[in-house]
Amino acid sequence: NTDIKVYADSSFADDIPSRKSTGGYVAYYGNAPVSYRSKRLGDMAMSTTTAEYMTLSEAARVGTWMVLFLKELGLWTGQRPIILEDNQSAIKLVKKMSTSERTKHIELRHQYMRWLYDQGKANVVHCPTKLQIADALTKIQPLPLFQQHEKQLMGYGLDELTLPLREVRFT
């Protein structure tokens, strides 16, 4: 398996004093974890969708880096990175070209995922929340779920992960 998959997640305004969100991602080449990160988002997110959208762009940057690295090694097979996201509104923002009153405040640097998607260089796919591995990097979880995600973060049990990789379509 040589797929590039990046699980991305965010928690909205979880830091009480600053009200900043935490974003996180974990990137895999096949079943091997290559990169992960969990950090407070630099910009203030106005909604859960905005926080998730900002994290999607960070995850897309990692996916792009992995493609460039694999090209340099001669291992790239031409597949697009798949960014796995559990927030359907954020996925809709990536796939929809217009902006609205609720999204016009999002800075240009957070539009990278949309640009990659439009260019056909990356894909964003819905991942059910209970299968979202990056949740372990952004929020407190019940112990059994954390233990499951902990193993998957290290690449164990990914083969058993029955993730319905389906593209969410909006009309």
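The values are calculated or read from the model by the stated rules, or taken from the named source; none is laboratory data. Please read these numbers as outputs of a predicted model, since none were measured by experiment. Please note: Cβ atoms are built from the backbone with ideal geometry, for glycine as well, and neighbour counts cover all protein chains shown. We work out accessible area using only protein heavy atoms, side chains counted, and drop any ligands, DNA or RNA first. Shrake-Rupley method; radii C 1.70, N 1.55, O 1.52, S 1.80 Å.
The table below lists the values:
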read-out: Residue satisfying all of: in segment 135-145; in a helix (DSSP H, G or I) and either over 20 Å from ARG40 (Cα atoms) or touching a Cys at 6+ places or on another chain (Cβ under 9 Å) (or both); least open to solvent (accessible area, probe 1.4 Å) among these; value: LEU145
read-out: Given (1) modelled with pLDDT of 80 or more; (2) assigned to a loop (DSSP other than H, G, I, E, B); (3) closer than 14 Å to LEU56 by Cα; (4) among the hydrophobic types (A, V, I, L, M, F, W, C), number of the condition LEU116 does not satisfy; value: (2)
read-out: Qualifying positions in segment 62-90 - open to solvent by 40 Å² or more (accessible area, probe 1.4 Å) and more than 23 Å from LEU131 (Cβ to Cβ); value: TRP65, LEU68, PHE69, LYS71, GLU72, LEU73, GLY74, LEU75, TRP76, THR77, GLY78
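Results for (1) at pLDDT below 90; (2) exposed (fewer than 14 other Cβ atoms within 10 Å of the Cβ); (3) not in a loop (DSSP other than H, G, I, E, B), shown as yes or no for each residue.
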site: ASN1; (1), (2), (3): yes, yes, no
site: PRO17; (1), (2), (3): yes, yes, no
site: LYS20; (1), (2), (3): yes, no, no
site: PRO33; (1), (2), (3): yes, no, yes
site: TYR36; (1), (2), (3): yes, no, yes
site: THR55; (1), (2), (3): yes, no, yes
site: ALA60; (1), (2), (3): no, no, yes
